[in-house]
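J.: Supplied in structure tokens, the structure appears directly below.
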Amino acid sequence: MTTADDLHVLRLADNLLGFYAGRVAETSSEPQTWVDEGALALGICSYAILDGTEAIVYDTHVSVAHARQIRDVIERLGARRIRVALSHWHLDHVAGTEAFADCEVIANQATADLLEGHRSQIETGTLDGPPAIAPLILPTTTFESSMRVDTPSVRVELVQFEIHSSDATVILLRDHGILLAGDTVEDTVTYVSEPDRLAVHIDELERMRRLGASRLLPNHGGRDVIERGGYSEFLIDATQHYIRDLLAAAAAPDDPAGGLEEFVRDPLAAGWITWFAPYERVHEANLAAVAGE
């Protein structure tokens, strides 16, 4: 049974909290599930915009236990009207939504369709393996392209992109220069889930840059960087750089592709990203994905 003993509450701005778990030493000999391998091993952070009695929770974390703790924190801080916004349909972002079953759950239409289409597999634990997410709570409000969900004193914009997945939603806090970026960017590198759409992702990253945010807060990144205020817009450059190199490797299958350190040498040297060794496994999976394996 998943517990939330590892959840850390981060005060990121006057109206913004982070809920971070993972990036700890691997001590378990148990078989790794999607919770461990795809989320906690890489570090994962959900966010909450808190404005008086209103709150918007951005992603519900990796379990109902984590989500319940998030809800407990924001309610103790005064939240009475809670809305949930989902960044995309992947399991580590929707697993805890049951804890907010009585709240408005907002997603773009593509996210709602993907969750509905995979509902049976998700609830039986046969999509990415156990643990199952049952019941899966579906969005109650959907949008296309963009949507405003302002709180009394914070302008909150949901914007849809096709980055990492076809149904990505980011949150722009325009007045604060902050972008809650979901999985559109990661540190150390992006996780390739749709290899046939990588060229589109590069263009969409450029469109996302034009939102003008100066601070990016991804769901998967270093706790210390997030706690210091997040990443600069150069995390977008690092992601584009990495995707271009993946595409180049796919175009030259007879040439050795190289390890992660080689792929990220320049962005690392520039300080755009940080080194986190578990992403070497992500890189190997990405190379296999772009090779069509």
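J.: Would you please list the contacts, defined by Cβ atoms under 9 Å and residues six or more apart or on different chains, that run from a residue in the range 46-70 that is without any contact (Cβ under 8 Å) to a residue 40 or more places away in the chain to a residue that is aromatic (F, W, Y) and not in a strand (DSSP E or B)?
T.: A67/F100
J.: For the range 162-262, list the helices (runs of 4 or more DSSP H) that sit wholly inside it and hold at least 2 residues that are polar (S, T, N, Q) and within 18 Å of V290 (Cα to Cα); which are they? Let's see the steps before the verdict.
T.: Working: elements: 198-209, 223-227, 234-251.
Correct list: 234-251.
J.: Could you count how many residues in the range 125-161 are open to solvent by less than 10 Å² (accessible area, probe 1.4 Å) and either outside any loop (DSSP other than H, G, I, E, B) or charged (D, E, K, R) (or both)?
T.: Residues that pass the stated criteria total 2.
J.: Looking at H90, H164 in this structure, which one is under 13 Å from the mean Cα position of the chain (by Cα), under 23 Å from R68 (Cβ atoms) and in contact (Cβ under 8 Å) with a residue 24 or more places away in the chain? It would help to see each step written out before you state the result.
T.: Numbers: H164 fails: under 23 Å from R68 (Cβ atoms).
So the residue among H90, H164 that is under 13 Å from the mean Cα position of the chain (by Cα), under 23 Å from R68 (Cβ atoms) and in contact (Cβ under 8 Å) with a residue 24 or more places away in the chain is H90.
J.: Now for a separate question. So which of D167, D183 ends up being in contact with a Leu (Cβ under 7 Å, 6 or more places away or on another chain), open to solvent by less than 70 Å² (accessible area, probe 1.4 Å) and not hydroxyl-bearing (S, T, Y)? Reasoning before the result, please.
T.: On the way: D183 fails: in contact with a Leu (Cβ under 7 Å, 6 or more places away or on another chain).
Only one candidate qualifies: D167.
J.: Any residue at all in the range 208-226 that's over 15 Å from the mean Cα position of the chain (by Cα), more than 23 Å from H8 (Cα to Cα) and polar (S, T, N, Q)?
T.: Looking through the range 208-226, at least one residue is over 15 Å from the mean Cα position of the chain (by Cα), more than 23 Å from H8 (Cα to Cα) and polar (S, T, N, Q).
J.: Here is a further query. Could you check E104 against (1) in contact (Cβ under 8 Å) with a residue 60 or more places away in the chain; (2) closer than 15 Å to V156 by Cβ; (3) open to solvent by 40 Å² or more (accessible area, probe 1.4 Å) and say which number it fails?
T.: Of everything listed in (1) in contact (Cβ under 8 Å) with a residue 60 or more places away in the chain; (2) closer than 15 Å to V156 by Cβ; (3) open to solvent by 40 Å² or more (accessible area, probe 1.4 Å), E104 misses just condition (1).
J.: Among the residues of the range 263-280, how many are part of a helix (DSSP H, G or I) and open to solvent by less than 40 Å² (accessible area, probe 1.4 Å)?
T.: First, the residues of the range 263-280 that are part of a helix (DSSP H, G or I): 263, 265-270, 279-280.
Next cut, open to solvent by less than 40 Å² (accessible area, probe 1.4 Å) only: 263, 267, 279.
Looking only at that region, the number is 3.
The values are calculated or read from the model by the stated rules, or taken from the named source; none is laboratory data. All of these numbers come straight from a predicted model, not from anything done at the bench. Here Cβ is always computed from backbone atoms with ideal geometry, including for glycine, and neighbour counts include all displayed protein chains. Quick note on the areas: whole protein, heavy atoms, side chains included, nothing else; ligands and nucleic acids left out. Shrake-Rupley method; radii C 1.70, N 1.55, O 1.52, S 1.80 Å.
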